[in-house]
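**Q** The structure follows.
The values are calculated or read from the model by the stated rules, or taken from the named source; none is laboratory data. Just so it is clear, the model here is predicted, and its values are computed rather than measured. Methodologically, a virtual Cβ is constructed for each residue, glycine included, from the backbone with ideal geometry; neighbour enumeration extends over all protein chains shown.
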Amino acid sequence: MVARTITVAPVGFDGIIVEVESDATKALPSLQIVGLGNKAIDEAKERVRSAISNSLLEFPKKRITINLAPAELPKDGAHYDLPIALSILCVSGQLNQIDVNDTIFAGELALNGDLRPIKGAINITQTAKQAGFKQIYLPSINASQASLVDDIEIFGVESLKDLFLHLKKEKILLPYEQKESLIGRDLSKISPSLDDIKGQEQAKRALIIAASGHHNILLSGAPGAGKTMLAKTLANLLPELSKEEQIAVTKIHSLAGNVSGEVIKNRPFRSPHHTASPISMIGGGSHAKPGEISLAHTGVLFLDEIPEYTRSTLESLRQPIEDRKIDISRASAHVTYPSDFMLVATMNPCPCGYLGDKTKECVCTNTQIMAYQKRLSGPLLDRIDLTINVAKVPSESLLSTETLNNSQHVTAYALIKSAIERQSKRYKSSSKYNASLTNSDIKKYINLPDDSKNLLIKAAERLNLSARSYFKTIKVAQTIADLAGNDRIMVEHISEALQYRN
């Protein structure tokens, strides 16, 4: 007799249905697992054996063979424990095959039979729904995350014994119901705001433009000018995550190893250290996990003092910035993760940081300045939409209350939200912004009058703008027009956009 249960193998950002087949034959008692499983799956033999025994169930005294099909697919993770245990209970006659048909199971078993949280819960649930399954059983801690996926019943399970009694209809488990709304920001984590920053009106204006069109931005200035604080306010200026974005962000963080069961409500703000390797930045490793650029999806990737990062790490960002996704090809896997992030970077103008400062003299030589600035390649700078110089705020203004506007952040947030709504209406998509327009999209959607076009052409010739910079100027100008509530790009919008070119 062969018993069968169903689970899902997360593969990159997607998943594949896996059949867990179990066969029992008369021979010396043993448990073998085949089907290209990794070390965690091989060790499941001991966890499953102890969990079944400690749940007051009988582990069959036969030769048990478990097959994970398709056999050629590499499998990784401890979530196979639960379907393996149920398959053994079915083949030993303690459960009927009909009890586990048309249902997905996933969960890691403790030695006492309790279910521990797993990674990739949303991935597993989405794959189950797409395959036409109507029910899924997961650890209780993961039920909240899985409930983000609509049109499938989520059952949160505490232990193998509870699930066994439920399947035998001796103890009924109810489908999970979310008690609070998962949509909306966690306001307790919103800090800092524009109201906390004294002065810097031009930099604040650049941040508002960047947030409105999801443009990449580089802040340059002397040490202590407020570049880092300005960058950290950007994530708080972005609007709430939509349902689709929330699923994608929570899904990526779960695949990266977050098994807390927490649903992410705020847009990510990732700030990797300058010693980060290219693999940690773009993703990869033996199991092709998502990197920092994917963990920053729909949010902000903040590179503080960007020239201090290694050249290879910075150059690895060029393709994801353009494509807004990352293809990771390894000998054992090929996966694709989304990486639609806003790049926010800061830098000093020179090694000492005081080049062009009015209060302190720069002590760097021309050779040192040139070498420092050349750490950022031309192609990478060309992918940054806005470049702004941040000047130091006078000391006498730092403690002054006259420069403090307690409604500045609220006003800016409303303005940004309105501009994004205009873009959603224009492009008929809630996830498409001006920064993500292709050249064909610009011709289709952008209204550029002749006088504005002539100014842009003259500026492109005089400033020697590349084709990419030419189109990025149009995208930034469209965002400025959206902030002004204008459907056409006017001359003043082009003029302001040109101020932010490097």
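Rundown of residues vs (1) touching a Pro at 6+ places or on another chain (Cβ under 7 Å); (2) assigned by TED's automatic domain parsing to the domain that holds residue 161; (3) in contact (Cβ under 8 Å) with a residue 60 or more places away in the chain, yes/no style:
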site	(1), (2), (3)
20	yes, yes, yes
34	no, yes, no
40	no, yes, no
43	no, yes, no
57	no, yes, yes
97	no, yes, yes
107	yes, yes, no
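**Q** Checking residue 136 against (1) of a type outside the set (Gly, Ala, Ser); (2) modelled with pLDDT under 95; (3) more than 30 Å from residue 26 (Cβ to Cβ): exactly one of these is not met. Which one?
**A** Only one criterion is unmet by residue 136, namely (2).
**Q** Could you figure out which of (1) more than 28 Å from residue 391 (Cα to Cα); (2) under 14 Å from the mean Cα position of the chain (by Cα); (3) surrounded by fewer than 20 Cβ atoms within 10 Å (Cβ to Cβ) isn't true of residue 278?
**A** Only one criterion in (1) more than 28 Å from residue 391 (Cα to Cα); (2) under 14 Å from the mean Cα position of the chain (by Cα); (3) surrounded by fewer than 20 Cβ atoms within 10 Å (Cβ to Cβ) is unmet by residue 278, namely (2).
**Q** For residues that are part of a helix (DSSP H, G or I) and among the polar types (S, T, N, Q), scanning just the range 239-268, find the one that is farthest from residue 292 (Cα to Cα).
**A** To start, the set of residues in the range 239-268 that are part of a helix (DSSP H, G or I) comprises 243-255.
Among the residues that remain, those that are also among the polar types (S, T, N, Q) are: 246, 250, 254.
Numbers: 246: 17, 250: 14, 254: 13 Å.
Going through the qualifying residues, I end up with 246.
**Q** Only one residue in 286, 294, 254, 260 is crowded, with 20+ Cβ neighbours inside 10 Å, at pLDDT below 95 and either of a type outside the set (Val, Ile, Thr) or under 13 Å from the mean Cα position of the chain (by Cα) (or both), so which one is that?
**A** 254
**Q** Working only within the range 424-447, note down all residues that are under 22 Å from the mean Cα position of the chain (by Cα), under 27 Å from residue 467 (Cα atoms) and either surrounded by 18 or more Cβ atoms within 10 Å (Cβ to Cβ) or in contact (Cβ under 8 Å) with a residue 24 or more places away in the chain (or both).
**A** Within the range 424-447, 431, 433, 434, 435, 436, 437 qualify.
**Q** Does residue 439 count as at pLDDT below 95, touching a strand residue (DSSP E or B) at 6+ places or on another chain (Cβ under 7 Å), among the polar types (S, T, N, Q) and at negative phi?
**A** no
**Q** Please verify whether residue 68 is touching a Gly at 6+ places or on another chain (Cβ under 7 Å), farther than 23 Å from residue 141 by Cβ and buried (at least 21 other Cβ atoms within 10 Å of the Cβ), treating the condition exactly as stated.
**A** yes
**Q** Among 73, 148, 82, 111, which is the only one that is in contact (Cβ under 8 Å) with a residue 60 or more places away in the chain and part of a helix (DSSP H, G or I)?
**A** Unique residue meeting the criteria: 82.
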